Amino acid sequence: MSVETIQFETAPQAPAAEAKDTAAPPAGTPEPAAEAATPQIDTRERLRQAETIVYRNTFWAMGAGAIGVPVADLVAASAVHLKQLRELATLYGVDFKDGLARKLVGAMLMSLGGVGVGALATSLLKLIPGIGTGLGMLSLPMALASSTHAIGQVFIMHFEAGGTLLDFDPLKMQAYFQSEFDKAQQHVSELKRKVASRGEPKAT
């Protein structure tokens with residue numbers, strides 16, 4: 001009788017030990033600290049990917065400007081602008097609406113004033129054989145690449161701040177966009193020189 005009683009009393013101790021093993025770790029353990037550091041790494045990686053998107057589409061816009069058919073180059077550049085914005089929106093988990101995105105990009109380009117008109121005029125220069133085509137092929141790729149790069153930088157800042165397409169205000173972003181466009185012109189010039197230098201044959 002006594003032996004059976006001892007066995008009955010000690011048997012329930014096994015589940016208690018299992019419950020102890022599966023219990024959540026106490027507060028203050030290293031795991032929460034490791035989890036807290038993850039968002040910082042994600043932010044840096046997201047910014048890296050965003051810059052890669054802008055870098056890639058800047059080259060696409062430069063190629064669009066090199067299209068020899070007037071106006072078709074501007075249509076191709078517009079497609080690149082929307083493609084870039086769609087990729088950035090996907091990266092940041094922002095709802096993308098093609099019609100709204102087109103209006104926002106158009107409003108930003110209009111804020112450049114003479115630069116936007118100049119891009120159209122430069123495209124039409126390609127209608128003139130010889131020198132007109134040459135001038136269009138030289139200057140338009142730079143303008144389109146610079147605008148693409150500036151648009152990308154503006155939306156990266158907006159999305160990083162938690163913004164969406166719905167709350168984007170082109171008027172408030174006008175000064176920043178102009179500043180980024182001016183900086184992008186220098187940046188694109190350097191990119192163009194690098195590409196040109198890579199294509200040159202090495203001296204023997």
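The values are calculated or read from the model by the stated rules, or taken from the named source; none is laboratory data. Not measured: the values here are computed from a predicted model. Please note: Cβ atoms are built from the backbone with ideal geometry, for glycine as well, and neighbour counts cover all protein chains shown. Just the protein is used for accessible areas: all its heavy atoms, side chains included, with ligands, DNA and RNA removed. Shrake-Rupley method; radii C 1.70, N 1.55, O 1.52, S 1.80 Å.
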For this session: Provide the per residue accessible area, probe 1.4 Å, for the stretch 145-189, rounded to a whole number of square angstrom.
Result: 44
For this session: Please find the FRET efficiency linking residue 172 to residue 72, where r is the Cβ-Cβ separation and R0 is fixed at 22 Å, and quote it to the nearest 0.05.
Result: 0.10
For this session: Mind checking the full-extension length gain between residue 102 and residue 182? Use 0.36 nm per residue of separation minus the Cα-Cα distance, one decimal, nm.
Result: 26.6 nm
Exercise. What residues of the stretch 138-159 lie in the reach of a label at residue 52, counting those whose backbone N is under 14 Å from a point 7 Å from the Cα along Cα→Cβ?
Worked result: none
